[in-house]
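As structure tokens, the structure follows; a few thoughts come after it.
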Amino acid sequence: MSVDPAGDTPRPLPRRGALLAIAAAAVGAWWAWPRIAPHFVGVFDFEPLDDPPGFRRIAAGETSGIAQPFIGLEAPGAADSPLPPAELRANLCGSLFGGPSPAGAVPIAAFSDYNCPFCRVLTERLSDLQARSESGVRVTWHEWPRLGTASVAAARAALAADMQGAYAAFHRRLMRSRFVPTPEYLQALAREIGVDGDRLRADMESDAVSQRLRITSALARLFGFVGTPALVVGRTVVVGAVSEPVLAALLDQERREGPPPVCRV
């Protein structure tokens, strides 16, 4: 409210001022949410994993606030051949998180499929969280195509885009749209994000892309994932679409406990 110069009668603020005040409050709440959200979650009921050692799991259910995962069938051609377990375990931190995270940053490994509706929601949530946290988290995306040949093609295209430094843009576009990954669609998308479409299509069938899919598939087997989305947040395994308050509380606890054992130097 403001005061009339001719008297003491209050009068409403101009509409534009009210809208600006609402917008400012919304922005403030958006930035403050990661610090507020953990207060809405109780104590976690962690289940230690026997293998790999040093990790734990949050049981799905009402207490953790985790929704049921989206289950799909393994897509043929997702990975050419199994990766030897010894090869995966030799550098589990690198395979899972891309190596140790900077001090104070919690590593998150996100396993998703472009045709999984829950993955679309979680991708937006993780992207927003990363933007708000000012390097407090580091997300490593794992392409785990389980829902048919279209998922496999999309995963290979995204990894091929990464070879041209355009993974983030490609991943974001595929997650935000319905698509059939035909050669024409991928060529058009490559042009839109500024990558070489011919090279992208060639790299989709490269050994480098196949190897990354093999690593992700081996990680999924090691952690016992059955569907997407799935996360490894520090030392905690979460299968399913996790709520924002639970994710914020988990990150808060992982930050207090320090890096996961496999990433300690």
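At a glance:
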{"item": "GluC sites (Glu not before Pro) within segment 159-211, DSSP loop, no more than 10 other Cβ atoms inside 10 Å", "result": "E205"}
{"item": "³J(HN,Hα), Karplus 6.51/-1.76/1.60, whole Hz, each residue of segment 186-191, x for Gly, Pro", "result": "5, 5, 5, 5, 4, 4"}
{"item": "Charge context of G99, other residues only, Cβ under 13 angstrom, K/R +1, D/E -1", "result": "+2"}
{"item": "Nitroxide proxy distance, nm - points 7 Å out along Cα→Cβ at D50 and S206", "result": "4.1"}
{"item": "Environment charge of F118, counting only residues whose C-beta is closer than 14 Å and scoring Lys/Arg +1, Asp/Glu -1", "result": "0"}
{"item": "Relative frequency of Cα-Cα separations exceeding 24 Å in segment 45-263, percent", "result": "41"}
{"item": "Trypsin sites (Lys or Arg not before Pro) lying in DSSP loop within segment 211-264, provided at most 11 other Cβ fall within 10 Å", "result": "R264"}
{"item": "Antiparallel content of DSSP bridges confined to segment 45-263, in %, to 5", "result": "60"}
{"item": "Vicinal HN-Hα couplings computed from phi for segment 236-245 (Karplus, 6.51 cos²θ - 1.76 cosθ + 1.60; Hz; Gly/Pro x)", "result": "10, 8, 10, 10, x, 7, 7, 6, 5, x"}
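No lab work stands behind these numbers, since they all come straight from the coordinates. None of the values given here were measured: they were computed from a predicted structure. Quick reminder, even Gly has a Cβ in these numbers, built from the backbone with ideal geometry, and neighbours come from all protein chains shown.
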